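Structure first, commentary second.
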Amino acid sequence: MFPLKDNLPTERFPIVTVTLIVANIVAFLWSLGDGGDLLSGPAAGFVFDWGFVPYEAQHPGEQCVPRGDQVVCGDIDGQPSLVVTAFTSMFLHGGLLHFGGNMLFLWVFGNNVEDGMGRLRFIAFYLGGGLAAILGQLLVSGGDPVPLIGASGAVAAVLGGYLLLHPRARVVTLVFIILFFTIIEIPAMFFLGIWFLQQLLFGYFDLTNPTGEGGGVAYFAHVGGFVFGLLLVRAFARRGGAARRPDPVY
C-alpha cells in the first residue's frame, strides 16, 4: 500500500516538511558523489563514514570500515563521532526506492503533524523520533556492524503522531494486488495500523531467521520511531492544535 494524499487540508504552508524533504534530496545527491549510484545508493565507504553503526555504540573507541567483502572494526581514526552520525544517518538512503518511499510518507503525513505542533516543535519531534528509532534498533541488533541509514525511523514517528492527532482522517491509497492495482480511500487508523503490524511481524521474522532474506531493513528502528510518536505526540502538539480543525466524520 502506498499513500497518495489524505483528506485533511493544512492551515499554513508546511515549510518544515518541505525543508526536510529538500535536505534529504541534497544529502542523497551528495552521497552519490563518491562511487554511488541512484539505484543502490552511496558507496559502502561513504555509508560507514556517515551512517550509524550499532557495533560502534556498543564498543566505545572502536570504529568499523569495509575492506573488500569484509568489515573490519578496531581503533580506526578519522571517522565522524557517533553523535554526528546519529543525525547524518537520518538523511542518507540506500537507493532511489528507499529515498522515494520515505519522502512520499513524509509529505503525505508530515504536513498535518507540523500543523498540529508548530514548526520548531515539529523539528524537535522529527529528530527525536529519528534518535528513538536508532535506540529501538540498538536494543535488538546485538552490536551489528552494519550501518543504519534512512529517514524511516523519523518518518515512523510522524506516522505515530498522525495516528493520534487525526485518527478519523482518510488516506487515498494505491493498493497492489498481484499484477493489478487500484486506488481506494481508507481510514488513516487502518492504513497506519496495518503498516505498524507489518513492521512488527517482519521484525519478528528477522529475529527468528537472521540468516534469511531480510532485505537489509531495520524494522525495529521503524517500531522505535512509531512508538516514540505515539507516546510523545501530545507533549509536542500545541494546546488545542488538533482540535482547532476537527477531522471529518464518516
### Message
Can you tell me how many residues within the stretch 10-25 are in a loop (DSSP other than H, G, I, E, B) and either of a type in the set (Phe, Trp, Tyr) or touching a Lys or Arg at 6+ places or on another chain (Cβ under 8 Å) (or both)?
### Response
2
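Of all residues in the stretch 104-158, which are of a type in the set (S, T, N, Q) and within 17 Å of Ala27 (Cβ to Cβ)?
Residues of the stretch 104-158 of a type in the set (S, T, N, Q): 111-112, 137, 141, 152.
Result: Ser152, single match.
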## Note on the structure
Restricting attention to the stretch 160-215, the residues that are at pLDDT below 90, farther than 20 Å from Ala132 by Cβ and assigned to a helix (DSSP H, G or I) number exactly 2
### Query
How about the stretch 26-52: which of its residues are small (Gly, Ala, Ser), assigned to a helix (DSSP H, G or I) and in contact (Cβ under 8 Å) with a residue 24 or more places away in the chain?
Ala27, Ser31
#### Entry: All positions within the stretch 71-120 that are in contact (Cβ under 8 Å) with a residue 60 or more places away in the chain, more than 27 Å from Gly33 (Cβ to Cβ) and surrounded by fewer than 18 Cβ atoms within 10 Å (Cβ to Cβ)
Gly118, Arg119
### Message
Suppose we filter the stretch 34-49 for residues that are surrounded by 13 or more Cβ atoms within 10 Å (Cβ to Cβ) and farther than 15 Å from Phe99 by Cβ; how many remain?
### Response
5
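Looking at Val113, is it under 21 Å from Ala188 (Cβ atoms), among the β-branched types (Val, Ile, Thr) and out of contact with any strand residue (DSSP E or B) (no Cβ under 7 Å at 6 or more places or on another chain)? First the steps, then the outcome.
On the way: under 21 Å from Ala188 (Cβ atoms): yes; among the β-branched types (Val, Ile, Thr): yes; out of contact with any strand residue (DSSP E or B) (no Cβ under 7 Å at 6 or more places or on another chain): yes.
Judged against the criteria, Val113 is a match.
The values are calculated or read from the model by the stated rules, or taken from the named source; none is laboratory data. Source: prediction; values computed, not measured. Every residue, glycine as well, gets a Cβ built from its backbone with ideal geometry; the counts of neighbours run over all protein chains shown.
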